[in-house]
Structures are given as C-alpha cells and as structure tokens.
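This report concerns only the one structure given below.
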Amino acid sequence: MSTAANPPSFDFLEIEESEADMGIRSVLFAAGYDRLMADAEQLLLTGLRDRLLADASGDVLEIGGGTGASLAAYTPNVRSVTVTEPDVSMLRRLKRRAETADRPVTVLQAPAEDLPFEDNTFDTVVSSLVLCGVTDQQRALREIRRVLRSDGRLLFMEHVRSAEPGLARTQDRLNWLNRLVVGCECNRPTVTSIRDAGFTVGELGHHTMPKAPPMVRPVVVGTATCPAVTPAGDRQ
C-alpha cells in the first residue's frame with residue numbers, strides 16, 4: 001500500500017510536538033529554577049528546610065530533589081543520602097551539586113510514584129515542594145510508606161490548599177495556570193492526603209511564602225510517622 005494512501009497520523013505528530021515542547025520547557029524551567037526561588041529561599045524556605053532536616057537521621061531518601069537545595073542541610077546524624085529526581089534537566093543540575101556535597105550522595109532518576117527500592121529501606125523520607133507536583137499523589141505516598149522502615153519518618157515541606165476560603169477558591173480557579181507554568185497543583189489538601197495514606201502527622205507548621213503569587217503562598221512544614229503493620233497472624 002502506498003505511503004500517499006496512508007499519511008502520518010496527526011495525533012502522532014501532535015504528540016511528538018508536545019513532547020518536544022515539554023523538553024524545551026523542562027530545560028528552561030531547570031535553568032531558571034534557582035533564580036526563580038532565590039527570594040523565597042532567602043526569606044523563608046532555606047531556614048524552614050534547615051530546621052526540618054535537622055531531624056533527619058539514618059538512611060535518608062529525598063524524593064524530587066530538584067537542583068539539590070536540600071543537600072547542604074543534612075547533619076552528621078544522617079548515615080546515607082539517596083536522592084531521586086524524574087526530570088532529566090533537573091537531574092543534571094542535581095548531579096553537579098551532589099558532586100560538591102560534603103558527603104557521598106546517590107542520585108537516581110525515578111518518579112516518586114515508582115521508587116526503585118526494596119521495602120523497608122529508609123529511616124527518613126524527605127519531600128520538599130514535591131507532593132504538589134507529582135502526577136499521582138496517593139500512589140507517591142504509598143511508595144513512601146512502602147520504602148520507609150516501621151520506625152521511619154516522613155519530613156515534608158509543601159505547597160497546600162489554603163484554609164482561607166477566598167484564597168482556596170482563587171487556587172481552584174488558577175490551578176490550571178500554575179500547573180501549566182510550573183507543574184504545581186497548588187490547591188491539593190496534602191496534609192489530609194498524608195493522613196489518608198496511613199501516616200500519623202505530628203508537628204505541623206503553617207507558613208506564608210514571600211515574594212510569590214498568592215495562590216502558592218500557603219506552605220506547611222511537618223513530620224509524619226507510619227505505624228508498623230501487624231502481621232495478620234498476630235492480630236487478635
């Protein structure tokens with residue numbers, strides 16, 4: 001059958017163009033990310049992250065490590081650091097920063113929804129401005145719970161849905177734009193999702209991110225633990 005009788009699928013061509021556009025967007029976003037976040041980091045986020053990660057210990061997994069902003073915050077209480085990042089452009093920058101870290105850092109390309117680790121591998125999992133951007137938040141939280149040891153902790157700093165009704169409506173209305181520009185779902189009730197995934201949320205602090213559009217200003221910082229699962233034969 002002739003090629004003329006079977007022209008290329010327009011759907012296929014559109015997919016190729018979309019993937020190319022996404023690649024360009026990924027490169028540009030990664031290149032400008034640190035500059036974009038510089039004011040918020042200086043005025044709030046770096047201090048919050050330093051205090052949060054002071055509680056990290058043992059074998060640590062950080063999901064969605066981005067450009068590596070957290071690497072300098074880990075203390076001597078941490079035995080090992082493993083960082084995952086799904087985006088290729090971010091991964092390049094993360095690897096360069098990991099090479100200059102004051103400790104060995106293992107860097108892997110992987111999404112939070114499909115972590116390439118055995119069950120019960122880590123003492124601490126860190127999520128810093130990540131759960132707002134994962135494709136499937138509940139699946140990512142199930143993966144975090146799976147790789148955590150029974151006495152492990154989740155340390156998180158996340159964009160969340162505002163408790164103020166007017167701002168929450170603004171987040172809902174403009175969420176599509178924020179998702180398009182920076183890949184963030186700013187209206188997610190992430191703390192509720194963490195609880196729904198079986199975690200017990202402990203300390204929780206609410207903050208307002210400076211030098212940012214109102215819809216992404218609400219930030220929570222907290223810790224969560226996951227109760228050990230009792231084997232079926234031991235249940236009464």
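Taking Lys and Arg as +1 and Asp and Glu as -1, the other residues whose beta-carbon sits under 13 Å from that of T135 total -3. Beta bridges per DSSP, both residues in the chain: antiparallel share near 40 percent.
Please rank L44, L115, fewest neighbouring Cβ atoms within 10 Å first, as an exposure proxy. Let's see the in-between values first.
Details: L44 17, L115 22.
So the residues, fewest neighbours to most, are L44, L115.
With R₀ fixed at 22 Å, the C-beta to C-beta distance from V182 to S80 puts the FRET efficiency at about 0.10.
Compute the Cα gyration tensor for the range 12-229, then decide on rounded, prolate or oblate, letting a ≥ b ≥ c be the square roots of its eigenvalues: rounded whenever a/c is under 1.5, prolate when a/b is larger than b/c in the other cases, and oblate in all that remain.
On the way: a/c = 1.37, a/b = 1.15, b/c = 1.19.
Rounded, because the longest to shortest axis ratio a/c is under 1.5.
Measure out, as a whole number of angstrom, how far apart the alpha-carbon centroids of the range 152-230 and the range 65-138 sit. Taking the Cα centre of the range 65-138 as reference, the centre of the range 152-230 is 19 Å away. Axis angle, to the nearest 10 degrees, between helix 165-182 and the longest C-alpha principal axis of the chain: 60 degrees. Given R0 = 35 Å, the distance between the Cβ atoms of R195 and A72 translates into a calculated FRET efficiency of 0.70. For P210, the shell of other residues with beta-carbons less than 14 Å away shows a net charge of 0, using +1 for Lys and Arg and -1 for Asp and Glu.
Based on C-alpha pairs under 8 angstrom that are at least 6 apart in sequence, the chain has a relative contact order of 17 percent.
For the chain, the 222 nm mean residue ellipticity estimated from helices alone, with every DSSP H stretch of n ≥ 4 adding -39500 (n - 2.57) and the total spread over all residues, rounds to -12000 deg cm²/dmol.
Residue separation of R173 and L36 scaled by 0.36 nm, minus their Cα-Cα distance, works out to 47.0 nm of gained length. Relative protection proxy for 166-174, 49-57, from highest mean packing down: 49-57, 166-174 (other beta-carbon atoms within 10 angstrom). Anisotropy class assigned to the range 80-154 is oblate, per the alpha carbon gyration tensor with a/c at or over the 1.5 cut-off and a/b no larger than b/c. Taking a Cβ cut-off of under 12 Å around D123, the surrounding Lys, Arg, Asp and Glu residues balance to a net charge of 0, with basic ones at +1 and acidic ones at -1.
Rule-based calculations on the coordinates, nothing more; no lab input. The structure displayed is predicted, hence computed values, not measured ones. Glycine gets a Cβ as well: all are built from the backbone with ideal geometry, and neighbour counts include every protein chain shown.
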